[in-house]
Amino acid sequence: FNGHGYHLFQAMRFGVEEINNSTALLPNVTLGYELYDVCSESANVYATLNVLSLLGTRHVEIQADPSHYSPAALAVIGPDTTNHAATTAALLSPFLVPLISYEASSMTLGMKRHYPSFLRTIPNDKYQVETMVLLLQRFGWIWISVVGSDGDYGQLGVQALEEQATQQGICVAFKDIIPFSARPGDRRMQSMMRHLARARTTVVVVFSNRKLARVFFESVVLANLTAKVWIASEDWAISSHISKVPGIQGIGTVLGVAIQQRLVPGLEEFEEAYVQADKGAPRPCSRSFWCSSNQLCRKCRAFTAEQMPKLGVFSMSSAYNAYRAVYAVAHGLHQLLGCASGVCARGRVYPWQLLEQIRKVNFLLHEDTVMFHDNGDPLSGYDIIAWDWSGPNWSSRVIGSSTWPPVQLDINETKIRWHGKDNQVPTSVCSSDCLEGHQRVVVGFYHCCFECVPCDAGTFLNKSDLHRCQPCGKEEWAPVGSETCFPRTVVFLTWHEPVSWGLLAANTLLLLLVSGTTGLFAWHLDTPVVRSAGGRLCFFMLGSLAVASCGLYGFFGEPTLPTCLLRQGLFALGFAVFLSCLTIRSFQLVFIFKFSAKVPTFYHAWVQNHGPGLFVVISSTAQLLICLTWLAVWTPLPTREYQRFPQLVVLDCTEANSPGFMVAFAYNGLLSVSAFACSYLGKDLPENYNEAKCVTFSLLLNFVSWIAFFTTASVYQGKYLPAVHVLAALSSLSGGFSGYFLPKCYVILCRPDLNSTEHFQAS
C-alpha cells in the first residue's frame with residue numbers, strides 16, 4: 001500500500017471540494033474528476049488514454065484539427081515520476097491537454113518543443129543540481145562520489161551534476177547507477193559499495209528516487225560505510241521511508257535539498273473525517289469501484305483512525321504541490337469562463353484554451369504566490385535540510401534555503417550537527433591545499449589530485465590559476481614560493497654614498513696634484529730635471545692625465561647619454577696619450593744611451609724628423625679613431641640591467657662588453673707593455689736618467705689594478721662595480737703620475753742641489 005500516494009489523491013479531492021464549495025472561485029461551476037493509480041507503466045498509459053478518449057466513449061479520435069477535440073478531461077494532475085510524466089506528456093501534447101505534475105522534476109520535461117502542454121508545481125532539477133554544486137562549493141568539497149537511480153530522474157540528474165560540478169572545479173571520483181532490479185546486499189550492490197569505499201571520498205551525492213534510495217542505504221549499512229556526508233536529492237531528503245532503514249543513523253551526516261515545506265490547511269482533518277465516514281475492514285470492491293483489469297488490487301482499502309497513514313513532512317509538502325496544481329487549473333478555468341463578473345459562462349471549453357489561461361495564472365494560495373515561467377516551471381525554491389538524530393526519534397531540520405534566479409544559497413551552518421569530533425566540518429579533497437606560492441602539478445587523471453611545487457624565483461602564483469606560476473613584470477621580482485611580486489629597487493653609484501665620497505676625494509686630489517705639478521714644471525721649465533723628464537712633453541703628459549681623471553666623474557650619479565659617451569672615451573684617450581708619451585720617452589733614453597752610436601744614421605733621421613712627437617701624434621690619433629669608431633658603432637647608452645640581481649634594477653652604460661671598449665682597452669694594454677719593456681731596458685742607464693724602477697712599479701700597479709678589476713667584474717655585477725672600475729682607473733692614473741712625476745717633484749722641491757747642470761754632467 002502506497003501511503004504517500006494516498007495523501008496525494010486526498011489532497012486533490014480536498015482541493016476540488018474546497019473549490020466546489022467556494023463562492024468566489026468558479027461560483028456556479030462544479031469540478032469533477034477521475035482518479036487513477038499509475039503503479040506501472042501500462043497502468044499509466046491506460047489512464048492517459050482514458051483521459052484522451054472522447055466524452056462518453058472508450059476510444060481516442062484523431063482529428064484533422066485537434067484544437068476542436070473534446071476529451072473526457074480538460075486537464076490532468078500528475079503523474080508523480082519523471083518516466084511516467086514523460087510518457088503522459090508525450091501522449092497529451094498533440095492534443096494540448098494541460099498536464100501539471102507535482103513530483104516530476106526532470107530537466108527534459110521543460111523542453112516546450114517536445115512537451116508543449118506540460119507544467120509542474122515542483123522545481124526543475126536544473127535548479128536542484130545548481131543548488132547541490134553551490135552546497136559542495138560552500139564547504140569546499142571538491143572530491144566527491146555521485147550515485148543515481150535507474151531512470152530519467154537519477155540518470156539525467158547525475159549527468160547534469162557531473163557536468164556542472166566539473167565546470168566548477170569539483171572532481172567526481174566515482175559515479176554509478178542503482179539498477180531497478182537491485183536488492184540490498186546483492187552482488188551488484190556489493191560491488192558498488194567496494195568501489196565507493198575505494199574512492200576515498202567523504203561526500204557522496206545520492207540523486208535517487210525513494211525506492212532505490214532505500215535499497216542503496218540498506219546496502220550502505222550492510223557494508224558498514226560510515227563517517228561520510230550524504231547529499232540527498234529532493235525525492236528522498238525528508239522521506240521517512242529512508243530514515244527508517246535500520247542502522248542508518250550511523251552512516252554519518254545527511255544534508256539534502258528538499259521542496260519547500262508547506263502545509264495544506266485542513267488536509268489532516270479532511271483525511272480523518274474520511275476515515276470516520278468509511279469505517280470497516282478491507283472488503284471486496286463493489287462492482288462500480290472495481291479496479292481496472294490491468295491492476296492487481298482486488299480489495300477496497302478501509303482504515304480506522306489508528307491505521308490511517310501518517311501525514312509526514314515529505315507527504316505534506318508533496319500533497320501541497322498536488323493541491324496547488326488543482327487550484328492552478330481552477331484559476332485558469334475561472335479566467336477562461338469569465339467568472340470575474342460573478343457568473344461563469346456556459347460555453348464549450350477546449351483543452352488548449354485552458355492551457356493558455358493556466359500559463360497566465362498569478363494568484364496567492366495561503367500566502368504563496370502561484371505562477372508559471374515560460375517553460376512551465378513554478379515560482380518556487382528549495383529548503384536545505386539536515387537530518388537530526390539528537391532526540392529519541394529522527395527529524396529533519398531546515399538549515400537554509402535556495403532561491404533563484406540566479407540560484408543563491410543561504411545556510412546557517414551553526415544548525416548542522418556534523419558526525420566528526422568537535423562538530424568540525426568534514427573535508428573531502430584528493431590532495432590538501434598547497435602552501436602559499438606553491439603551484440599544483442596534476443598527478444593522474446583528476447585535476448583535484450596534485451603535488452605542490454614551489455614557484456621559481458621571479459614567478460608568482462595568482463589565485464585565479466593555481467596550476468601555473470606566472471612570471472613577474474620586468475620591474476618586479478619575487479622570491480621562491482611567492483604569491484605576489486615586489487617592485488625592484490633601482491640602484492646606481494650615487495654621489496652621496498661614502499664610497500663615492502672617498503673616490504671623488506682621491507680623484508680630485510689627483511687633479512690638484514697634476515695641476516700643481518704642471519705649475520711647478522712650468523716654473524722650473526729650464527732646469528735639468530724638467531728637461532731630462534721631457535721638457536714641454538711633460539705638459540702634454542700631465543694634460544692627458546687630467547683629461548683621463550676628469551672622465552672618471554662620469555661614473556657617479558644616474559647614467560645619462562652624455563656621461564655614458566664621455567666617461568670611458570675620455571679615460572681611454574687620455575691614458576693612451578700618457579702611455580704613448582711614457583713609451584717614447586723611455587724608448588728615446590734607451591736609444592740615445594745604447595744605440596745612437598751603433599746606428600748614427602737612424603738616430604740622426606729620428607732627431608731630424610721629430611720622431612718622438614710624430615710617434616705620440618700617430619699613437620694618440622690611432623686611439624682617437626678607435627674611440628670615435630667605438631662611440632659611433634657601439635654607442636654606449638644608459639641601460640636598465642635586470643639579469644644581474646633578481647630584486648634590483650642596476651642602472652649602467654652598455655659599454656662594458658662592446659668590441660669598441662675591448663679594442664680601446666687592448667690598445668692601452670699594448671702601450672703599457674711597450675712602455676714597461678722600454679723602461680726595463682733602461683734599468684742600467686745613468687742615475688739621473690734611470691727611471692726604470694719608478695716607471696716599472698707604476699706600470700705593474702696598472703696591470704695589477706686592471707687584472708683585479710676584471711676578476712671582480714667576473715664574479716660581481718652589482719651597483720658598486722662602477723666604483724671598482726673607478727678605483728682601477730684611479731690606481732692606473734695615480735701610479736703613472738707617481739712613478740714618473742713625483743720623483744722629479746721631490747728633486748725640484750727637496751733636493752735642488754741635484755737639479756743642476758754640474759750634477760747631471762758628473763753623473
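The values are calculated or read from the model by the stated rules, or taken from the named source; none is laboratory data. Worth saying up front: this structure is predicted, and the values here are computed from it rather than measured. Neighbour counts run over all protein chains shown; Cβ positions are idealised from the backbone, glycine included. We work out accessible area using only protein heavy atoms, side chains counted, and drop any ligands, DNA or RNA first. Shrake-Rupley method; radii C 1.70, N 1.55, O 1.52, S 1.80 Å.
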Exercise. Per the 1.4 Å probe, what fraction of the accessible area of the chain, in percent, lies on carbon and sulfur atoms?
Worked result: 59 percent
For this session: Mind putting a number on the dipole of the chain about its Cα centre? Charges go on the C-beta only, +1 for Lys and Arg and -1 for Asp and Glu, and I need it in Debye to the nearest 20.
Result: 1160 debye
Seminar exercise, completed: Taking 205-212, 552-559 and ranking on average Cβ neighbours within 10 Å, highest first, one gets 205-212, 552-559
Exercise. Between residue 64 and residue 269, what length comes free when the chain is fully extended (0.36 nm per residue of separation minus the Cα-Cα distance, one decimal in nm)?
Worked result: 69.0 nm
Exercise. In whole Å, what are the Cα extents of segment 90-168 along the three principal axes, biggest one first?
Worked result: 48, 22, 20
For this session: Could you work out how far helix 152-167 tilts from the main Cα principal axis of the chain, as a 0 to 90 degree angle to the nearest 10?
Result: 10 degrees
For this session: Can you tell me which of 368-381, 456-469 comes out highest on packing, and rank the rest after it, using the mean Cβ neighbours within 10 Å?
Result: 368-381, 456-469
For this session: Mind ranking 349-359, 326-336 by how tightly packed they are, going by the mean number of other C-beta atoms within 10 angstrom, highest first?
Result: 326-336, 349-359
Exercise. Rounded to the nearest 0.05, what FRET efficiency do residue 716 and residue 443 have when you use their Cβ-Cβ distance and R0 = 51 Å?
Worked result: 0.75
For this session: Using only Cα atoms, find the angle between the long axis of helix 267-277 and the longest principal axis of the chain, and express it within 0 to 90 degrees, rounded to the nearest 10.
Result: 20 degrees
Problem set entry | Residues of type aspartates and glutamates that residue 415 reaches as a straight line, Cα spacing below 20 Å, ignoring anything fewer than 8 places off in the same chain | 234, 383, 388
For this session: Would you mind working out the magnitude of the charge dipole of segment 498-759 relative to its Cα centre, with +1 at each Lys and Arg C-beta and -1 at each Asp and Glu C-beta, to the nearest 20 Debye?
Result: 180 debye
Seminar exercise, completed: When the charge dipole of the chain is computed with +1 on Lys and Arg Cβ and -1 on Asp and Glu Cβ about the Cα centre, the Cα farthest towards its positive end, among 420, 385, 239, belongs to 420
Exercise. Around residue 25, what is the net charge, scoring Lys/Arg as +1 and Asp/Glu as -1 over all other residues with Cβ under 15 Å from its Cβ?
Worked result: -1
For this session: Holding the Cα-Cα limit at 19 Å, pick out from 175/421; 175/228; 244/310; 112/360; 211/244 the pairs that are longer than that.
Result: 175/421
For this session: Starting from the Cα of residue 195, move 7 Å in the Cα-to-Cβ direction to define the label point; list residues of segment 107-130 whose amide nitrogen is under 20 Å from there.
Result: none
Seminar exercise, completed: Computed over the chain, the relative contact order (Cα-Cα under 8 Å, seq sep at least six) in percent reads 10 percent
Seminar exercise, completed: If unit charges are put on Cβ atoms (+1 for Lys and Arg, -1 for Asp and Glu) and the dipole of the chain is taken about its Cα centre, the option from 92, 738, 638 lying farthest towards the positive end turns out to be 738
Exercise. What share of the DSSP beta bridges in the chain is antiparallel, in percent to the nearest 5?
Worked result: 55 percent
Seminar exercise, completed: Taking the reciprocal of mean 1/r across every pair of different Cα atoms in segment 1-134, the Kirkwood radius in Å is 16.2 Å
Seminar exercise, completed: The answer for the per residue Cα convex hull volume of segment 438-487, in Å³, is 59 Å³
Problem set entry | Local net charge near residue 74, Cβ-Cβ under 13 Å (Lys/Arg +1, Asp/Glu -1) | -1
For this session: Mind checking the full-extension length gain between residue 345 and residue 566? Use 0.36 nm per residue of separation minus the Cα-Cα distance, one decimal, nm.
Result: 68.9 nm
Problem set entry | Cα shape, segment 125-269, gyration tensor, a/c 1.5 rule | oblate
Seminar exercise, completed: Computed on Cα atoms, Rg of the chain relative to 2.2 N^0.38 Å comes out at 1.88
Exercise. In straight Cα distance, which aspartates and glutamates are under 15 Å from residue 719, not counting same-chain residues fewer than 8 positions off?
Worked result: 497, 558, 641, 652
Seminar exercise, completed: Taking the dipole of segment 438-487 about the Cα centre (Lys, Arg +1; Asp, Glu -1; charges at Cβ), the one of 479, 462, 441 that reaches farthest to the positive side is 441
Exercise. Summing Lys, Arg as +1 and Asp, Glu as -1, what charge do residues with Cβ under 14 Å from the Cβ of residue 41 carry, residue 41 excluded?
Worked result: -4
Exercise. How many Å² of accessible area per residue for the chain, probe 1.4 Å?
Worked result: 48 Å²
For this session: Using Cα pairs closer than 8 Å and at least 6 residues apart in sequence, work out the relative contact order for segment 89-188, in percent.
Result: 23 percent
Seminar exercise, completed: For the residue 677, residue 463 Cβ pair and Förster radius 56 Å, calculated FRET efficiency rounded to 0.05 is 0.25
Exercise. Expressed as an acute angle from 0 to 90° and rounded to the nearest 10, what is the orientation of the C-alpha long axis of helix 41-52 relative to the principal long axis of the chain?
Worked result: 70 degrees
